[in-house]
Amino acid sequence: MSQFDLVMQQIVNGLVLGSVYVLIAVGFTLCLGVLKLINVAQGHFYMLGAFLTYQALEWSTGINYPMAIVISVIIVSFAGLVVHYVGIWPVQHRGQIAPILTTIALAFMIENIAIIMWPGSGRNIETSLSTRSRNPFGQVHVTDQRIMTFIAAMCLMAFLYLFLQRTKAGKAMRATTQNQVSASLMGINPEYMRAMAMVLSALLAAAGGAFIGPLFTIVPNMGLSALFKAMIVVLIGGMGNIPGAVVGGLLLGLMEALIGGLWSAAWVNVAVFGIIIGILIVRPTGLLGSKGGI
Amino acid sequence: MAKARQTLPTLVLLSIAFALPHIWDSPYYIHLMVLVWIYAIFGISYNLYLGFLGGFSMGQPAFFGLGGYATGLVTAKLDWPTGVGLLVAIGVAGVAAFLIGFPALRLKGAYFVLMTIALLGIIGNLSNTLYKITGGSSGLRDIPAPIIGIGNTGWAFDKTNYFYYLALGFLIVTYLLVQWLISSRIGRGFVAVRDNEDLANSLGINPFRYKMIGFVTAACISAVAGWLYAHYVHILDPTIFQFNLVFDVIFMVVLGGTGTLPGPVIGAFIVWFVPELLRMAQEWRMFSFALFMLAMIIFMPMGLWGFVKLQQYHYQEWKAMRLAEGLSAGLPSYLMYLGKEYLGKVTDFINDVRTKFRRDSEQKG
């Protein structure tokens, strides 16, 4: 395998990984925009999405992979609603820190349920997509699962964009992000918008988890590191900025794959955290501008 | 009179704390108590920054671990005395906090949180990657027990009971130091910056300088806790940089009472002893602990100590009112009054929910 092929392989892997980061991070930034809070449970929705996909495939042989994704996404969306009404709604007028704490507690609860339900050293989801491999150019190997992940993530982003730009609910959500008081004067119920943003972000994270399941071994404690990835993406793209999150997610995926593949896997996290500190020192409001709004 | 009312419980609690290793004959619980004291020191340092300066940092264990690793390296690998190790730990954490403070303390809100997470992430990962120095994931071993004496000879705190008094002593010193700091001019500056940064700035208090003082002091105290921890457990590995310790310290401060002095100490008890009480829940233990924390945050916004203080305040107020009316003001009648009050609150809440749902269904229909 030549050096060029190695780089191309890492770029392809990075884009696939990045598209999953995009899904988690966009939900996170949506929460940040509409609810004005850091949702610590975001990474755990992703973990739950992956495990519920696995579980749905276990339940019955009649359920195929797409059906499992739908089942898992629906259940996790409901979990998002529960997290909103149990953890965020009771403390939403109590400043920035209280919702962070309640979502930390809820994230712990989700993680411990996962540890009890799926004990042992992690699970693998097996689908027919993950075995077939293509060679689009040179010696680069891409499984169908990876292609599907990238395309599905981008399609979800396109749907989200259309939803926010074209539908009435989406416009109402954008209005709530910009100014909650004016939005409620225009007859928008901010309560519904908050709940909806929460459900949407849980849905996107669960989809990310369902796509990542066949690519990597899934473990109950993968939620937290995914959350930090989402935070990094949001930092690169700017808070509450969805196009920024898409670019940031793909950039982070590329960065990780290239550093890990060409330098050393052990130094990936050190390098990534170092880059964050660098960004924060040079541009304290994010790399791609600080304009709020979605 | 008011002073006597405070002094007596303090003395009683202190004498219980000092007598505990002799009256409680359980090595396991004395071991837990040592950890409680160490965590309490750590909680006090976190509270200094969160409670009195209002900065939400998620990277405080970075300084705890830095202190621990610094002393571990110089005492285990270079055979320096443990007392020098303490100075090295404080120095390393202080310098690190000073350097990271320059960019970090200018950031606001979520960006500051991110910066502290990145700091913890980078230090935690370095402790793993630089395995030639730190021992990597198998840990830094053979950290000696603290020794009083010249060089490496003298009397060692090598038993749990001895170490108990060392940790308790450090806690008392730290507590008094922070109490002094908070009541000094600097401490009033902290509270001014926390409550309104712009106003404090316009009054000639430089917010950045006060934040820096608080941040560096908190880091140094964390390093003291890290020093105690390293010399108590004798082994350090990168797991102390994991986020469990962040969550432990945050919950310790918040459940005990943010911005109060005894809060973190009470919180340290909660964080170590409530999971012990929940042992009967077996595999659901951590789940029920998380549920307990959730309930505490929702129903006791000011933490346990804040809750106690609030109740005390309410009682004093009620007593003054009753005495002014010429009625009896004993505790039993106060409890009766409280019962009625809470019953009223519950009915109010139920009515609120009912009207909300009625309104919602009207809107839909």
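Every read-out reported here was derived from the displayed coordinates using simple, explicitly stated rules and does not represent laboratory data. No experiment lies behind these values; they were computed from the predicted model shown. Here the Cβ positions follow ideal geometry from the backbone for every residue, glycine too, while neighbour counts run over all protein chains shown.
Below, the figures for the structure above:
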{"item": "Cα-based Rg of chain A normalised by 2.2 N^0.38 Å, two decimals", "result": "0.99"}
{"item": "For A:Thr143, residues with placed amide H under 5 Å, excluding near neighbours", "result": "A:Arg134"}
{"item": "Positive-end extreme of charge dipole, region B:308-364 - chosen from B:Tyr315, B:Ala329, B:Val353 (charges on Cβ)", "result": "B:Val353"}
{"item": "Computed log₁₀ I(q)/I(0) - Debye formula, equal Cα scatterers, no solvent, the protein assembly as shown, q 0.07, 0.09 Å⁻¹", "result": "-0.51, -0.85"}
{"item": "Point-to-point label distance, A:Thr217-B:Leu323, nm (Cα→Cβ direction, 7 Å offset)", "result": "6.9"}
{"item": "Calculated from backbone phi, Karplus (6.51, -1.76, 1.60) coupling profile of region B:106-121 in Hz, x at Gly/Pro", "result": "7, 7, 10, x, 5, 5, 5, 4, 4, 4, 5, 5, 5, 4, 5, x"}
{"item": "Inverse of mean 1/r across different Cα pairs in region B:308-364, Kirkwood, Å", "result": "13.7"}
{"item": "Other-chain or far-sequence residues with amide H under 5 Å of B:Leu140's (modelled H)", "result": "B:Leu236, B:Asp237"}
{"item": "Cα shape, region A:1-70, gyration tensor, a/c 1.5 rule", "result": "oblate"}
{"item": "For region B:266-271, 3J(HN,Hα) per residue [Karplus equation, 6.51 cos²θ - 1.76 cosθ + 1.60, θ = phi - 60°, Hz, x = Gly/Pro]", "result": "4, x, 5, 4, 4, 5"}
{"item": "Label point distance in nm, A:Ile74-B:Ser333, each placed 7 Å from Cα along Cα→Cβ", "result": "6.2"}
{"item": "For region B:24-302, Kirkwood radius (reciprocal of mean inverse C-alpha pair distance, Å)", "result": "19.2"}
{"item": "Size of electric dipole in the protein assembly as shown: Cβ of Lys, Arg +1 and of Asp, Glu -1, about Cα centre, debye, nearest 20", "result": "1400"}
{"item": "On Cα atoms only, tilt of B:331-364 relative to the major axis of chain B in degrees", "result": "80"}
{"item": "Signed unit charges on C-beta, dipole axis of chain B, positive-most listed residue B:Gly189, B:Pro146, B:Ile23", "result": "B:Gly189"}
{"item": "Ellipticity estimate at 222 nm from DSSP helix runs (n ≥ 4, -39,500 (n - 2.57)) divided over chain A, nearest 500", "result": "-23500 deg cm²/dmol"}
{"item": "Set of lysines near A:Lys229 by C-alpha distance (under 24 Å), chain-local residues within fewer than 8 positions excluded", "result": "A:Lys36, A:Lys291, B:Lys108"}
{"item": "Contour excess over end-to-end distance, with Cα ends at B:Gln6 and B:His31 and 0.36 nm allotted per residue", "result": "6.1 nm"}
{"item": "Sparsely packed trypsin sites (Lys or Arg not before Pro) within region A:91-193, loop by DSSP, other Cβ within 10 Å at most 15", "result": "A:Arg94, A:Arg132"}
{"item": "Angle in degrees between helix B:303-324 and the longest Cα principal axis of chain B, rounded to the nearest 10", "result": "40"}
{"item": "Helix axis angle, B:185-195 relative to chain B longest principal axis, alpha carbon, degrees", "result": "60"}
{"item": "Calculated FRET value between A:Ser121 and B:Val353, using beta carbons and R₀ = 35 Å, to 0.05", "result": "0.20"}
{"item": "Part-to-part distance (alpha-carbon centres) for region A:76-154 and region B:161-213, which is given in Å", "result": "41"}
{"item": "Longest DSSP-loop-exposure-free segment, chymotrypsin sites (Phe, Trp or Tyr not before Pro), chain A, at most 12 other Cβ within 10 Å", "result": "A:1-136"}
{"item": "Calculated FRET value between B:Trp155 and B:Glu276, using beta carbons and R₀ = 25 Å, to 0.05", "result": "0.20"}
{"item": "Region B:270-308 versus region A:229-290: alpha-carbon centroid distance in Å", "result": "36"}
{"item": "Computed label-point distance, nm, for sites A:His93 and B:Trp180 using a 7 Å Cα→Cβ extension", "result": "4.4"}
{"item": "Three-way shape label, region B:107-187, alpha-carbon gyration tensor, a/c 1.5", "result": "oblate"}
{"item": "Where trypsin sites (Lys or Arg not before Pro) fall in DSSP loop in region B:89-143, at most 14 other Cβ within 10 Å", "result": "B:Lys108, B:Arg141"}
{"item": "Mean separation of Cα contacts under 8 Å, 6 or more apart, over the residue count of region B:24-302: relative contact order %", "result": "34"}
{"item": "DSSP H segments from chain A that extend 27 Å or more along their own axis, Cα-based, with Kyte-Doolittle mean of -1.0 or above", "result": "A:3-34, A:97-117, A:144-166, A:190-212, A:242-262"}
{"item": "Set of aspartates and glutamates with alpha-carbon distance to B:Lys319 below 12 Å, sequence-local pairs under 8 removed", "result": "none"}
